[in-house]
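These notes are about the structure you will find just below.
The values are calculated or read from the model by the stated rules, or taken from the named source; none is laboratory data. Bear in mind the structure is a predicted one, so any value in this text is a computation, not a measurement. Every residue, glycine among them, receives a Cβ derived from its backbone with ideal geometry; neighbour counts consider all protein chains shown.
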Amino acid sequence: MEPTAPLPDTGAAATPPQRCGLIAIVGRPNVGKSTLMNALVGQKISITSNKAQTTRHRITGVRTVDEAQFIFVDTPGFQTRHAAALNRSLNRAVVGTLSDVDLVLFLVEAGRFGIDDAKVLSLLQGEGLKHKPVVLVANKLDAVNRRSDLLPWLKTMQDRHTFAEYVPMSAHKMADVDRLFGILKPYLPEQLWYYDQEMLTDRSEKFLASEIIREKLFRLTGDELPYTSTVVIDKWEEEGNLRRIAASIVVERDAHKGMIIGDKGERLKRIGSEARQELERLMEAKVFLELWVKVRSGWAASEEHLRTYGYE
């Protein structure tokens, strides 16, 4: 029996195997996790504001680049200053996320490392997480006046933890975001994708609507309104390309209600108007939005109320 002749070499490279993995984005409150998440996904799915505790839920964002699917989980900033039920719920969300992921992005501001950053890092060094790869993302690089100042700072960060990678970057620069994808890809397991290639988030339009309303609430009330406020969708109706949405803004005190409504209702009108415009852009549909403000004393300290309002 004659030997089989080898197949001719066509020169075509083998298709690389698919990669897919879960990546947590962690850091102190208000460090820019949601901004980074939105940049990585390429669309706004996580709300941002200057108020701490803007992110209260685990938000999953998906981005597929070539053969790799990156599944990012934006966590609440780990809470260290208050022991209310709301903060305990947020911290459980952070810890629960870390136990499930393949890789952790530890986000700090380039050149800075404070006590709140240290507390989050100590969480990553806890039992069960010691051997999970952690990438240090030094964000807001564009705010550093002299890049040479970063070298001694990076040396101190190397002494704090054995990071898998060190990535100085700016989330507002797409070249930096694209570079980050290339750095993270080898850490994803070789396995089939979890989602379709076009998928951007696993959250529903209803959830995103409540988050966008809450973002406008925080942005337009500034430091006046305490963080103990939330948004509940009361009605959601779809009629072709029209969304009819009724939502309640829940606060703890009558005084907070007045802050939101504003003089002659002007502030509440503006919150509704800005939220409606953004929802129409996001959903590519016409939106009719009604907002109400309700007082529920002590809701943030009640585990039962938290479950009712969708907190994990």
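Here are a few things to note about the model shown:
- Just one of the listed residues (Leu208, Leu188, Leu192) is crowded, with 18+ Cβ neighbours inside 10 Å and in contact with a Cys (Cβ under 7 Å, 6 or more places away or on another chain), namely Leu188.
- Criterion: out of contact with any Leu (no Cβ under 6 Å at 6 or more places or on another chain) and modelled with pLDDT of 80 or more - qualifying residue of Thr10, Thr35: Thr35
- As for region 251-272, it holds at least one residue that is among the basic types (Lys, Arg) and modelled with pLDDT under 85.
- Test: residue in region 225-234 that is under 24 Å from Leu36 (Cβ atoms) and touching a residue at least 40 places away in the same chain (Cβ under 8 Å): yes
- Residue in region 65-73 that is in the same structural domain as Pro168 (by TED's automatic domain parsing), among the charged types (D, E, K, R), more than 16 Å from the chain's Cα centre (by Cα) and modelled with pLDDT under 60 present: no
- Within region 159-179, the set of residues being in a loop (DSSP other than H, G, I, E, B) and over 11 Å from Val134 (Cβ atoms) comprises Met169, Ser170, Ala171, His172, Lys173.
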